[in-house]
Amino acid sequence: MRCLKVLGSGGDWGDERQQELIAAGTLLPRGLHTLNHPMVRHAAAVYNGDPNVVAQRELIADTSDPPFWKVKSGRWRGAVWIDPNDGQAWLVDVGIRRADSPTDFYAAFLASLAAEGPAPFLPTADDRDRLKLEIAHERLRDWELSLYLQSVEVLLEAVETGYARGVIPTVLEGGVDPAILEIEVERYPGEWGTDDPLEQPAGVAVQLRVNNWADRGVLTRAQLIACSAISPYEQDWDAAPEVVGVRLLATVSEARLLYIKASADLDAGVVAEQVELGDLAPVTHAHLAKTSAIAAASIDGTAVRGLCGQWFVPRQDHGALPECEECLTRYEVFKAASAEAKN
Ligand SMILES: [Zn+2]
């Protein structure tokens, strides 16, 4: 926390948004060792426990009980302490190098060490709690990422064969796998009134076959992640994908399926950086379409085209939403034109 205060008010960040959050005192749930600041990146690279980089470590002269280690990056300097009990490295202080000045980082660090001893620099119970939280968060994130990649794999198999299934793994090692993910794909060629092969609609049904209801949170999360891999837009789904165990149907274009196929070759690291796992863009507006089309689509759970041109799956909860402006405008034009025709 002490280091973050100094880094947050200093420069050299590789990510302005992160600096803003840190300067405002907002902690990110991600591991602090992943922060995009050269000091953090360098400390994480040299003190990550990798035996190949141990030789790059350099002791801060005159420290031995306990030893503190140097971190240098550009004008920045830092001190690392390694917990003798578990080998965990902690960046415990940072500052700026000012050669031959008493305010030089290492001169100031050694002076406070001499005056107050090492205790103020060592991690507190809060720091250790924070570390536990980060490790748990990272484990959950790894599980979500593997689930997302697996959902894509099952989907792509179903695109070829019509049906595929895969195991949703347990979050904790040695636990019961909570569910089986089933995906069905059905094509409705010509349904959207276009010959464009990329515009052909497909129905993608998702269902979790639950083995273990013990952890509802895990099941809900798993279902959301599988759904977001298929379509991240809630308006493509026939029901809000929070209810576990029911069959959910999304209507997507052939273009969307091709896009998923193309992005399946992406590196897992790129997916982790770029995809908001399990995040669905909410339905914000009710679109207008022919009443008969809406009625039929509501029964089948398929998409209809709104007057504005947007495809959407009509759902019961749409009534509460504000109407789409573009749809309303086009409806007025349409009404005026048919009144004109009658006269
Ligand atoms: Zn609309």
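With the structure loaded, tell me whether Ala250 is surrounded by 18 or more Cβ atoms within 10 Å (Cβ to Cβ) and touching a residue at least 40 places away in the same chain (Cβ under 8 Å) or whether it fails that test.
When the stated conditions are applied, Ala250 passes them.
Screening region 311-343 for residues that are in contact (Cβ under 8 Å) with a residue 60 or more places away in the chain and within 11 Å of the ligand (Cβ to nearest atom) and picking the one that is most open to solvent (accessible area, probe 1.4 Å) gives Trp311.
Residues checked against (1) of a type outside the set (S, T, N, Q); (2) open to solvent by 20 Å² or more (accessible area, probe 1.4 Å); (3) modelled with pLDDT under 85; (4) under 21 Å from Ala136 (Cα atoms):
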{"residue": "Asp15", "(1), (2), (3), (4)": "yes, yes, no, no"}
{"residue": "Gly25", "(1), (2), (3), (4)": "yes, yes, yes, no"}
{"residue": "Thr34", "(1), (2), (3), (4)": "no, yes, no, yes"}
{"residue": "Pro51", "(1), (2), (3), (4)": "yes, yes, yes, no"}
{"residue": "Val54", "(1), (2), (3), (4)": "yes, yes, yes, no"}
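Evaluate region 190-212: report whether one residue or more is part of a helix (DSSP H, G or I) and either out of contact with any strand residue (DSSP E or B) (no Cβ under 8 Å at 6 or more places or on another chain) or in the same structural domain as Thr329 (by TED's automatic domain parsing) (or both).
Yes, some residue in region 190-212 is part of a helix (DSSP H, G or I) and either out of contact with any strand residue (DSSP E or B) (no Cβ under 8 Å at 6 or more places or on another chain) or in the same structural domain as Thr329 (by TED's automatic domain parsing) (or both).
Could you tell me which residue of region 147-166 is surrounded by the fewest Cβ atoms within 10 Å (Cβ to Cβ), considering only residues that are more than 21 Å from the chain's Cα centre (by Cα) and not charged (D, E, K, R)? Looking at the filtered set, the residue picked out is Thr161. Regarding Cys308, is this residue within 16 Å of the ligand (Cβ to nearest atom), more than 30 Å from the chain's Cα centre (by Cα), closer than 21 Å to Glu234 by Cβ and surrounded by 10 or more Cβ atoms within 10 Å (Cβ to Cβ)? Considered against the rule, which asks whether it is within 16 Å of the ligand (Cβ to nearest atom), more than 30 Å from the chain's Cα centre (by Cα), closer than 21 Å to Glu234 by Cβ and surrounded by 10 or more Cβ atoms within 10 Å (Cβ to Cβ), Cys308 comes out as yes.
Here Ala99, Ala45, Ala79, Ala108 are screened, and the one residue that is at pLDDT 90 or above, out of contact with any Cys (no Cβ under 6 Å at 6 or more places or on another chain) and either surrounded by fewer than 11 Cβ atoms within 10 Å (Cβ to Cβ) or closer than 21 Å to Gly14 by Cβ (or both) is Ala45.
Would it be correct to say that Val270 is over 23 Å from Glu199 (Cα atoms), free of Cβ contacts under 8 Å to residues at least 12 places away in the same chain and within 16 Å of the ligand (Cβ to nearest atom)? Taking the combined requirement at face value, the residue does not satisfy it.
Each residue in region 34-57 was checked for being without any contact (Cβ under 8 Å) to a residue 12 or more places away in the chain, touching a helix residue (DSSP H, G or I) at 6+ places or on another chain (Cβ under 8 Å) and within 24 Å of Glu273 (Cα to Cα), and 3 pass. Look through region 292-304, keep the residues that are away from the ligand (no atom under 15 Å from the Cβ) and within 28 Å of Val333 (Cβ to Cβ), and return whichever of them is surrounded by the most Cβ atoms within 10 Å (Cβ to Cβ). Ranking the candidates gives Thr302 first. If you check Tyr106, Tyr148 for being assigned to a helix (DSSP H, G or I), of a type in the set (Ser, Thr, Tyr) and out of contact with any helix residue (DSSP H, G or I) (no Cβ under 6 Å at 6 or more places or on another chain), only one passes: Tyr106. Within region 147-174, residues that are more than 23 Å from Asp279 (Cα to Cα) reach partners that are open to solvent by 30 Å² or more (accessible area, probe 1.4 Å) with beta carbons closer than 7 Å, at six or more positions or on different chains, in the pairs Gly162/Glu184; Tyr163/Glu184; Ala164/Glu157.
Screening Ala214, Ala229, Ala205, Ala239 for residues that are more than 12 Å from Gly278 (Cβ to Cβ) and open to solvent by less than 30 Å² (accessible area, probe 1.4 Å) leaves exactly one candidate, Ala205.
Residue by residue, here is whether (1) within 15 Å of Val92 (Cβ to Cβ); (2) of a type in the set (S, T, N, Q); (3) outside any helix (DSSP H, G or I) holds:
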{"residue": "Ile22", "(1), (2), (3)": "no, no, no"}
{"residue": "Gly49", "(1), (2), (3)": "no, no, yes"}
{"residue": "Ala61", "(1), (2), (3)": "no, no, yes"}
{"residue": "Val71", "(1), (2), (3)": "yes, no, yes"}
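The values are calculated or read from the model by the stated rules, or taken from the named source; none is laboratory data. Not measured: the values here are computed from a predicted model. Using ideal geometry, Cβ is built from the backbone for each residue, glycine included, and neighbour counts are taken over all protein chains shown. Heads up: the accessible areas ignore ligands, DNA and RNA and are worked out on the full protein's heavy atoms, side chains in. Shrake-Rupley method; radii C 1.70, N 1.55, O 1.52, S 1.80 Å.
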